Structure formats: structure tokens, C-alpha cells
Amino acid sequence: MPAAPIPAPISEPINLSEATLDLFTGDYGDLDAQEILLEFAPMLQQPPYVLAGIGLAMGVLCGLTFARLVQERLEGWKQDRLAMLPLGNFETNLSYAGIVIGITLFIGGSLQVFGFAAGAALLVALLLSLATAGALWVQLERLMMQVENGTFSAVDFDNFDQFF
């Protein structure tokens, strides 16, 4: 049977004059400021559920905003034949960038939960998000061009040749 650990001796509380001296010197007992910050470091790093949650919320909110902006652009084209392209105005680019950043944070935080290092997880997430976002942007512009030209047909997801 293993021996029970010996508890640390209990030190006596400091008096008011020692507390005042600690306040003025910036020392807190036998700890300096760096040691105090290191006490909180494990809490800030593990686990990154908050990062993944913030990324998911940001991606969903910006995605809803982006969808609404594209829907308004389509409605304007249907009613008044306003130009749908170029798609990249400030509001649309901002909401799309919010989607990319949010999904990057979500994927990066999720990879960190499964043990990836923070830098590697965020780099992989950024590369995945940028590649996917770029491909989707190109496809959206092609579809909007087809709608403007009147050559829009149903999208066949089994035929990948039309996407590239």
C-alpha cells in the first residue's frame, strides 16, 4: 500500500503590516508576478471549447448575414433587373470574411480539443477554410452569372465536371 502524501505545513497568516508591505512592493508572499500568472496559464489553454464555441457562433451569424445579402441581391435582380455581379462589395466581403474567420476558429478549437498544438491546429484550419471559401466564392459567382445570363439550370451534384 502506497504511503499517503505528507501535507504541507500550514503557515501562519500574515499580519496587516506585512500585507501593506506586500501591496507596495508588488510581492505576494513568496510569489512574484510571473509565478502568479503561470498559476492561471493552464486554465487559459485547456480545453479550447470557448474558442470553438465563439467560432461556431461567429460562423453561423455571419453566414446568416451573408445569405440575407445574397437573397436581397437576387430579389433586386428579379424585380428591377439590377446587376448581381460583382458580388464583392464591402458588406458581402465583410460577412464572408466573418464566416471564414469563424469557421477557422471553430475547426482550430476543435482540433485543439483532440490534442493538436494550437499553432498547427489554427494553421490547418485556416488553410482548409481558405481553400473551401475560395472554391465556394467562385461557384457562387458562376451561378449568379448564369442567372443573369438566363442560362441557369438545375445543379447536378453528381457531375463534378461542371464545378471545375
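With r defined as the distance between the Cβ atoms of ALA57 and ASN15 and R0 fixed at 35 Å, what FRET efficiency is calculated, to the nearest 0.05? Using R0 = 35 Å, I get an efficiency of 0.10. One quarter of the surface of the convex hull around the alpha-carbon atoms of the range 111-154 equals 4.0 nm², the direction-averaged projected area. Taking only the C-alpha atoms of the range 47-149, the Rg (one decimal) and the largest Cα-Cα distance, Dmax (whole number), read 16.1, 53 Å. If I stretch the segment between LEU85 and ALA118 completely, what's the gain in nm (0.36 nm per residue apart, minus their alpha carbon distance), one decimal? Length gained between LEU85 and ALA118: 8.0 nm.
For the pair ASN93 and LEU64 in one chain, pulling the backbone fully straight at 0.36 nm per residue adds 9.1 nm over the alpha carbon distance. As a rough guide to protection, the peptides 108-121, 72-85 ranked by mean Cβ packing within 10 Å, highest first, stand as 108-121, 72-85. In this label model, GLU72 and THR132 are separated by 2.6 nm, measuring between points 7 Å along each Cα→Cβ vector.
Values in this text are rule-based calculations from the coordinates and carry no lab data. Predicted model only: the values in this text are computed from it and were never measured. No Cβ is skipped: glycine too gets one built from the backbone with ideal geometry, and neighbour counts run over all protein chains shown.
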